[in-house]
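Novice: The structure under discussion is supplied below as structure tokens; questions concerning it will follow.
A short reminder: the numbers here are calculations on the coordinates, not readings from a lab. A quick note: this is a predicted structure, and the numbers were derived from the prediction, not measured. Ideal geometry is used to build each Cβ from the backbone, glycine not excepted, and the neighbour counts take in all protein chains shown.
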Amino acid sequence: MNARNEWLQRRMSGIGGSDAAAALGLSRFKTQYQLYLEKRGELAAEDLDDVERIRFGNLMEEIIAREYARRNGIKVRRRNQIIAHPRFPWMLANVDRLVEGQRVGLECKNVDAMAFRFGEWGEPGTDEVPEEYLLQCHHYMVVLDYPEWHLAACVGGNKLKTFIIGRDPELESLLIEQELAFWQRVKSGEPPDPDYEHRTTGALLKRLHHTVGEGEVDLSALDHWHRVRVDAKQAVARYEAAIAAADNRLLESMGDAAIGKLPDGTFYRRKEITRKGYVVEPATYIDFRHAKPTKSKKTDTTDQDAA
């Protein structure tokens with residue numbers, strides 16, 4: 001077994017800092033249900049090595065750590081091991097850096113400039129950071145028993161902003177309590193309910209059910225959700241028709257003009273764009289849609305609307 005596989009197996013033995021938000025059901029990127037399946041070994045963890053955002057984040061870590069140390073006149077070092085809490089061994093930490101001579105840790109983040117502007121980040125020096133990062137840093141402080149964790153964010157590739165997160169006993173108690181509850185589910189095999197409204201659930205279900213077998217399933221107990229789906233699609237169709245009608249009125253009024261101004265200072269723009277052709281690579285996927293029986297004996301259903 002190579003070092004990376006050993007590291008991945010070790011991560012399976014508990015909850016890491018990057019798992020904290022998902023374990024509490026507060027992550028935008030992963031549900032409790034998905035994390036549960038991964039920790040149980042029932043679903044392979046996603047391979048994020050080739051995801052560009054993740055790859056650049058990993059590449060930038062060393063640069064961010066080095067610049068943070070230079071600006072603060074300190075030294076930082078790696079801790080090339082997964083650390084377990086002495087009392088709660090299921091709480092694990094694989095930290096970016098530790099500040100030498102101080103009980104302070106460092107988390108390095110590469111942040112898109114546009115994302116930075118939308119309310120989740122406060123002023124440098126405060127602890128106003130996105131919830132996933134706040135919980136991650138608190139998790140590390142609990143595991144290492146450190147009073148402070150710094151988050152150095154490289155914004156837009158050319159600005160370094162440092163946020164300072166201190167211990168919060170109330171949040172710490174909540175974190176330990178809810179992570180323990182989640183880990184007990186993992187150990188006992190009691191899955192949390194899927195979050196059907198989470199933005200990642202559709203992709204997760206496609207990963208779990210990626211083949212087509214035989215037979216039928218009676219969905220009578222879910223007829224309510226079928227009606228919800230039908231009503232919602234009809235409402236969407238009405239709104240899309242209203243949008244199209246509004247667009248047509250605006251386009252007719254603009255004629256060949258490039259700009260159409262509105263009273264509030266905003267405007268509509270017409271611009272000619274040439275798009276290069278491309279070849280779609282072959283792919284296999286599961287087509288899911290609602291269908292109605294047909295009169296033909298040769299086929300069971302006729303496609304009505306794709307999901």
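Novice: Order of M114, M60, M91 from fewest to most other C-beta atoms within 10 Å? The partial results should precede the final answer.
Specialist: Details: M114 9, M60 16, M91 25.
Least to most surrounded, the residues fall as M114, M60, M91.
Novice: Set Lys and Arg Cβ to +1 and Asp and Glu Cβ to -1, take the dipole of the chain about its Cα centre, and tell me which of L205, F267, L106 lies farthest positive.
Specialist: Highest projection toward the positive end goes to F267.
Novice: Let me ask something additional. Grab the DSSP H runs of the chain that are 4 residues or longer, score each as -39,500 (n - 2.57), total them, divide by all residues and round the 222 nm result to the nearest 500 deg cm²/dmol.
Specialist: Dividing the helical sum by the residues of the chain leaves -12500 deg cm²/dmol.
Novice: Run the numbers on the range 3-203 and let me know its relative contact order in percent, using alpha-carbon pairs under 8 Å that are six or more apart.
Specialist: Reported relative contact order: 26 percent.
Novice: Same structure again: With just the Cα atoms defining each centre, how far is the range 167-243 from the range 261-285? Give it in Å.
Specialist: 32 Å
Novice: Here's something else I'd like to know. May I ask you to sort W183, W225 by Cβ crowding, counting other Cβ atoms within 10 Å and putting the fewest first?
Specialist: Exposure proxy ranking, most exposed first: W225, W183.
Novice: Give K75/K109; K30/K109; K159/K206; K39/K159; K39/K75; K159/K261 a once-over and call out the pairs whose C-alpha atoms are over 27 Å from each other.
Specialist: K159/K206; K39/K159; K39/K75; K159/K261
Novice: Which of the three applies to the range 59-150, rounded, prolate or oblate, going by the alpha-carbon gyration tensor with a ≥ b ≥ c and a/c under 1.5 meaning rounded? The partial results should precede the final answer.
Specialist: Working: a/c = 1.85, a/b = 1.28, b/c = 1.44.
In terms of gyration-tensor shape, oblate.
Novice: Sticking with this one: Taking a label point 7 Å from the Cα of R66 along the Cα→Cβ vector, which residues of the range 92-135 have an amide N closer than 19 Å to it?
Specialist: 96-100, 106-111
Novice: Shifting gears a bit: Output wanted: per-residue J couplings in Hz (rounded whole) for the range 79-90, from phi through Karplus 6.51 cos²θ - 1.76 cosθ + 1.60, θ = phi - 60°, x for Gly and Pro.
Specialist: Karplus values, whole Hz, x for Gly and Pro: 10, 7, 7, 8, 9, 10, 5, x, 9, 10, x, 7.
Novice: Still on this structure: How long are the semi-axes of the equivalent ellipsoid of the chain, taking √(5λ) for every eigenvalue λ of the Cα gyration tensor, in whole Å from largest down?
Specialist: Each semi-axis is √(5λ); the values are 43, 32, 19 Å.
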